[in-house]
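The values are calculated or read from the model by the stated rules, or taken from the named source; none is laboratory data. Please read all numbers here as calculations on a predicted model, not as lab measurements. Here the Cβ positions follow ideal geometry from the backbone for every residue, glycine too, while neighbour counts run over all protein chains shown. What goes into the accessible areas is simple: the full protein's heavy atoms, side chains included, and nothing from ligands, DNA or RNA. Shrake-Rupley method; radii C 1.70, N 1.55, O 1.52, S 1.80 Å.
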Amino acid sequence: MIRKILGAMILSLATAMPGVADPLAKDVFGGVPGPTGGGAAAIGFYSKGCVTGAAQLPESGPTWQVMRLSRNRNWGHPELVGFLVGLSQAARQAGWQGLYIGDMSQPRGGPMVTGHASHQMGLDADIWLLPPPSLQLSRKQRENISAVSVVNRAGTAPSGNWSPSHMAIIRAAARDPRVERIFIDPVAKVAMCQMETGNRAWLRKVRPLNGHDYHFHVRLSCPAGSACQQQDAPPRGDGCEEAAEWIRNRIDPSRVKPVPPDPNYRHPRSFRLSEMPRQCQAVAVAR
Ligand SMILES: [Zn+2]
């Protein structure tokens, strides 16, 4: 099967990228309009991988709308699609109309021409932190509407947009056994640390990350039958002290010891197709 795909690959690679022997992976994956058929599998790693047999989250449903349709990134492993539909129903129970869903993956995953280092295996999704004012938005509105920040301008405390419903939705996500991690601004994490009066185990999955105050990012574990590399588990404990430390460092940046950037780091946008996992090279160009 794979050998057959690899054979077809060389043929269609020449067609897809004439004159380019080893194109950038982002250009190949970013240019494929649809998924491969067959069984679903996530392959590789979140920041260097792909997905076969991806499913498309419908553009609109009773409890969700996909935003920025022009990006064609509402694809994922069927387990992610099922998870998002369920979470949008939980959002309804938390008092919202549903959810606005941002980027998932491209039809076959892989590196993207813009944004994200991860989101490559159909297991990551960005979810807006904006309670939907309407689930009847037009395509154009979905291109133009902006989310709102749940964090104040200084990055030190929640803004007026933060609410207990946000926490109810994120807690529902974190308690789902399919979920591996959730990334959100440390201010939101600390707010939830303070608000939680019951079982705190779910807070361990919620990890602080800059750039996640307009949306939160949900990452699923490797589903059964997939050939992906599992991420190391988060450190033990609820992680609340670590998140608080991030905020103290924002207030007083002189506390932070500068860490030299890793000279070997490369953004996935620079990956050549030949550097992707072998199976992904075939997925990228399979007919
Ligand atoms: Zn994301």
Matching residues in segment 113-169 (among the β-branched types (Val, Ile, Thr), surrounded by fewer than 17 Cβ atoms within 10 Å (Cβ to Cβ) and within 16 Å of the ligand (Cβ to nearest atom)) number 2
Filtering strands (runs of 3 or more DSSP E) wholly in segment 13-83 for at least 2 residues that are of a type in the set (Val, Ile, Thr) and at pLDDT 95 or above gives 48-52
Considering only segment 57-80, I want to know if a residue exists there that is open to solvent by less than 30 Å² (accessible area, probe 1.4 Å) and within 17 Å of HIS212 (Cα to Cα).
yes
Within segment 172-205, restricting to residues that are open to solvent by 10 Å² or more (accessible area, probe 1.4 Å) and among the β-branched types (Val, Ile, Thr), the one that is farthest from GLU245 (Cα to Cα) is THR197
Filtering segment 241-271 down to residues that are within 23 Å of the chain's Cα centre (by Cα), surrounded by fewer than 16 Cβ atoms within 10 Å (Cβ to Cβ) and not in a helix (DSSP H, G or I) yields TYR265, ARG266, HIS267
